[in-house]
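Taking it in order: structure first as structure tokens, then the write-up.
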Amino acid sequence: MQKQQGLFDFYWDQQEGRLLLEVDTFDRELLLLTGLAQGLGSNPVGLDRNQVGESRVVKFERVGNKVLLHQINLKFRAISDNPAERRAVSEAFATSVIWGFEVIGEEGKAVLLDFTPFVLSDQHGIADRLKQAGQGSYSLDPSRSAIYLPRSKSFPKNSEFEAQLTFAGSEPGQYLKEVVPTPELVTLRQHLSLVELPEEGYTPRRFHANSGYFPLIYRDYATAIDQPMDQRLIFRHRLEKRPGSNEPVEPIVYYIDPGVPEPVRSALIDGASWWNEAFEAAGFDNAFQVKLLPEGADPLDVRYNVINWVHRSTRGWSYGYSIYDPRTGEILKGNVTLGSLRVRQDFLIAQGLLQPYGDENADTEKLKAMALARIRQLSAHEVGHTIGLAHNFIASAEDRASVMDYPAPLVTMNGKRLNVHEAYDSGIGAWDKLAIRYGYGIAEGDESEYLERVLEDARKQKLRFITDRDSRTINNAHAESHLWDNGSEPLEEFQRMTELRKHALENFGPAANRPDAARSSLDETLVPVYYGHRYQAEAVGKLIGGLDYDYLYNDAGSESYRMVDADRQQQAIDALLLTLQPEFLTLPEKVLKLLPPKAFGYSRSNESFPAYTGVAFDAIAMAEAAAGHTYSILLHPERAARLQQQQARRGDGPGFNTLLAQLTEQSLDKDKYQGLQAAIHQRVNHVYIHQLMLLAGDKSAPESARARANFELAKFQHAIGEMKLFGDDPQGYNAHYFYEANRIAAFMNGDLKVDKGDLKPMPPGSPI
């Protein structure tokens, strides 16, 4: 047999297709890692090339003629010198035996195991992921699976095993049909690693809610009775200084996937290299380096921090993962996966705004520069996750203080020309430098005092940290922390963006696409322009029923949060009402005449505008989707509940009933519009009624909000009943209101079920 020597020696039996593992040390703790060497290529499913899985601490245990691979439970511990105390905790909570092996050979203390069935098992959870993504029920087919020997190797501190796994199923989902040649048979390559745990000498660092780091949380049953049991540490790389020098003992080195083409490769190197500036601010010289992955190096090898270039059939998220020691939070490997279509999406946004193809000598340098500027920022952002940092979504309100925010392109208007030269910031942010000081700075003296000084410096510089849970969805209460927004004042930025959007739509034309592109492809180029207000609208919406707060500890002052001023909330409502007006939602006729049915060889996709009109462009469905987005902000159950409570507590300001009264008044204003604007007004009214019904039937909403929505439906129905619907009606309002009145009656009687999916959605919007 062929022998590979390393952390674990293994033998390859070519004749039988077996991989035999030699185990000579038992009860030694190891890291077990899973990954994918070959991905599916579908962002919605999320099984990407060079994806890494969970870090698990395991050990081999011998019991007679059997060897168990046993996962240790590190959620519950006793950090104590008393072995009985440690044993009491270990025996109180379940562990997991991942696999059992029979000993097939023995020599001295070493045994030989057939490792093949384990390597050929679905350790990465591929079948479960396909099922969760709604792609069908798949199971591993052993007859079509085998060890992949070229990527099965052993090194002194890690042993790597790879297998080609085939999953068989029926009735495959649409995502599988898009990317797999025979969708009933899905073949991927799974990678497994057994890794030596790091040497002693790493000092864990405590977590603070305002530090900007992800927490490693475990429960310590050995703590004193007056101390908290739940312990929190941060994730970070081991970084130490050489004696008498600011040079590191070992620098943190990240490697770029050589499969990245230029000029993107250089942009990724530049962006990731920004972090060295933050480490310099923490007192290090040359502590963070970025290089090209050496030829022959395996990107899944735990010894390399890698920025991977991942291709998918559609655009999607990029990710920054870490492989870490679950005992201490020490990061052993940073692993970034960057979607290759990201750069093209930014180019498309610039294309729709700048329209560079007006003559034969089209200059696209500004567009490419904007796209590459975002790639630099994205590279820094995802690397930031792999060195331990969480998102900081309030940074955009603080002069773009962190690369850990999601930035919207900052487009400005100079006269009648749009400008993107400062669309994205360049370099690391002030918040990022402070965060690296907290996580990696060397404390001179007491570490607790050092960390408190860093947090105090953040307070003095008015640098705040608010992350995902308080920022990510449209219903979040935090009024200042948002995604894909700009500026310190959401209302002012929204006003500026709506003016910019109006200018771009009025001037939209064939120059937005290449001369050799199908004219019908203007549809997809127009999408990010028409819906360009969507994320700033969410930022404005968070002012309504919003709160402003920080992650306080109990030694703070008496006031833990403040409600947004009543006047500012009303201004936010008024601003969003403008996005429901037909004047805002109607495309100029000259633009509509540019949008033909799809050319032969082209088809609509999820990046296209929605339509009810068959092959023809639908100028009303696009407005329906935009209005649905605004109503989902205004009528969210949690926002409704906050509005009601805030008005009850303050006695002033816009309550939920005030908001509904304004929406209903706008919906009943039928004398203002004609033609296409009248048709759009009626469709927006339909969306409003539908959203009220969704709220009224939402059992997760408080009864007070549901009652108010029901009452508003009754008011709307009553107002229609007062109308004379059978007279002259050139705009079709009588039929529209009659239909909506009947829908309300059916809903009230329990004869109409409504669903969010009944309305046309916007195409995917995140600029990623």
Worksheet item: From the set of residues in segment 274-297 that are surrounded by fewer than 16 Cβ atoms within 10 Å (Cβ to Cβ), part of a loop (DSSP other than H, G, I, E, B) and on the phi < 0 side of the Ramachandran plot, which is modelled with the lowest pLDDT?
Response: 297
Worksheet item: Does at least one position in segment 264-274 carry a residue that is closer than 28 Å to residue 199 by Cβ and among the aromatic types (Phe, Trp, Tyr)?
Response: no
Worksheet item: What is the one condition in (1) at pLDDT below 95; (2) crowded, with 18+ Cβ neighbours inside 10 Å that residue 438 does not satisfy?
Response: (1)
Worksheet entry | Candidates 592, 580, 576 - the one that is under 22 Å from residue 709 (Cα atoms), in the same structural domain as residue 655 (by TED's automatic domain parsing) and without any contact (Cβ under 8 Å) to a residue 60 or more places away in the chain | 576
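I'm trying to understand the selection: among the residues of segment 301-310, which are within 28 Å of residue 345 (Cα to Cα) and either at pLDDT 90 or above or more than 17 Å from the chain's Cα centre (by Cα) (or both)? Quick ask: steps written out before the conclusion?
Here is the first cut: in segment 301-310, the ones within 28 Å of residue 345 (Cα to Cα) are 305-310.
Residues satisfying the conditions are 305, 306, 307, 308, 309.
Test residue 383 against the criterion of being in contact (Cβ under 8 Å) with a residue 24 or more places away in the chain, assigned to a loop (DSSP other than H, G, I, E, B), surrounded by 23 or more Cβ atoms within 10 Å (Cβ to Cβ) and within 25 Å of the chain's Cα centre (by Cα), and give yes or no. Let's see the steps before the verdict.
On the way: in contact (Cβ under 8 Å) with a residue 24 or more places away in the chain: yes; assigned to a loop (DSSP other than H, G, I, E, B): no; surrounded by 23 or more Cβ atoms within 10 Å (Cβ to Cβ): yes; within 25 Å of the chain's Cα centre (by Cα): yes.
When the stated conditions are applied, residue 383 does not pass them.
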Worksheet entry | Qualifying positions in segment 650-683 - at pLDDT 95 or above and basic (Lys, Arg) | 683
Discussion item. Between 422, 493, 449, which is without any contact (Cβ under 8 Å) to a residue 40 or more places away in the chain and within 27 Å of the chain's Cα centre (by Cα)?
Written reply: 422
Worksheet, complete the sentence: The condition from (1) touching a Ser or Thr at 6+ places or on another chain (Cβ under 6 Å); (2) loosely packed, with under 12 Cβ neighbours inside 10 Å that residue 71 misses is numbered (2)
Practice prompt. Say whether the condition of being in contact (Cβ under 8 Å) with a residue 24 or more places away in the chain and within 24 Å of residue 425 (Cβ to Cβ) is met by at least one residue in segment 247-255.
Written response: yes
Worksheet entry | Filter result for residue 731 (of a type in the set (S, T, N, Q) and in a loop (DSSP other than H, G, I, E, B)) | yes
Fill in: Members of segment 615-651 that are part of a loop (DSSP other than H, G, I, E, B) and touching a residue at least 12 places away in the same chain (Cβ under 8 Å)
615, 616, 617, 619, 620, 635, 636
Worksheet item: Which numbered condition trips up residue 43, out of (1) modelled with pLDDT of 95 or more; (2) within 30 Å of residue 181 (Cα to Cα)?
Response: (1)
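Please specify each residue of segment 193-215 satisfying the condition of being of a type outside the set (Asp, Glu) and either assigned by TED's automatic domain parsing to the domain that holds residue 28 or over 25 Å from residue 459 (Cβ atoms) (or both).
193, 194, 195, 197, 198, 201, 202, 203, listed by residue number.
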Worksheet, complete the sentence: In segment 652-667, anything within 17 Å of residue 543 (Cα to Cα) and either among the charged types (D, E, K, R) or assigned to a loop (DSSP other than H, G, I, E, B) (or both) is listed as 652, 653, 654, 655
Worksheet item: What number of residues in segment 252-273 are in contact with a strand residue (DSSP E or B) (Cβ under 9 Å, 6 or more places away or on another chain) and in a loop (DSSP other than H, G, I, E, B)?
Response: 5
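Assess whether residue 104 counts as being outside the structural domain of residue 305 (by TED's automatic domain parsing) and within 36 Å of the chain's Cα centre (by Cα).
Values: outside the structural domain of residue 305 (by TED's automatic domain parsing): yes; within 36 Å of the chain's Cα centre (by Cα): no.
So residue 104 does not fit the description; no.
Which residue, of 97, 111, is buried (at least 19 other Cβ atoms within 10 Å of the Cβ) and not assigned by TED's automatic domain parsing to the domain that holds residue 325?
Working: 97 fails: buried (at least 19 other Cβ atoms within 10 Å of the Cβ).
Every option except 111 fails the conditions.
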Worksheet, complete the sentence: Every listed condition ((1) under 30 Å from residue 47 (Cβ atoms); (2) free of Cβ contacts under 8 Å to residues at least 40 places away in the same chain; (3) among the hydroxyl-bearing types (Ser, Thr, Tyr)) holds for residue 116 save (2)
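Can we say residue 627 is in the same structural domain as residue 708 (by TED's automatic domain parsing), out of contact with any Cys (no Cβ under 6 Å at 6 or more places or on another chain), under 30 Å from residue 591 (Cα atoms) and buried (at least 23 other Cβ atoms within 10 Å of the Cβ)? Walk me through how you get there before you give the answer.
Numbers: in the same structural domain as residue 708 (by TED's automatic domain parsing): yes; out of contact with any Cys (no Cβ under 6 Å at 6 or more places or on another chain): yes; under 30 Å from residue 591 (Cα atoms): yes; buried (at least 23 other Cβ atoms within 10 Å of the Cβ): yes.
It is true that residue 627 is in the same structural domain as residue 708 (by TED's automatic domain parsing), out of contact with any Cys (no Cβ under 6 Å at 6 or more places or on another chain), under 30 Å from residue 591 (Cα atoms) and buried (at least 23 other Cβ atoms within 10 Å of the Cβ).
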Worksheet, complete the sentence: Subset of segment 179-203, residues part of a strand (DSSP E or B) and among the small types (Gly, Ala, Ser), comes to 193
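The values are calculated or read from the model by the stated rules, or taken from the named source; none is laboratory data. This one's a predicted model, so the numbers in the text were calculated from it and none came from an experiment. Note that we place each Cβ from the backbone using ideal geometry, even for glycine, and neighbour counts take in every protein chain shown.
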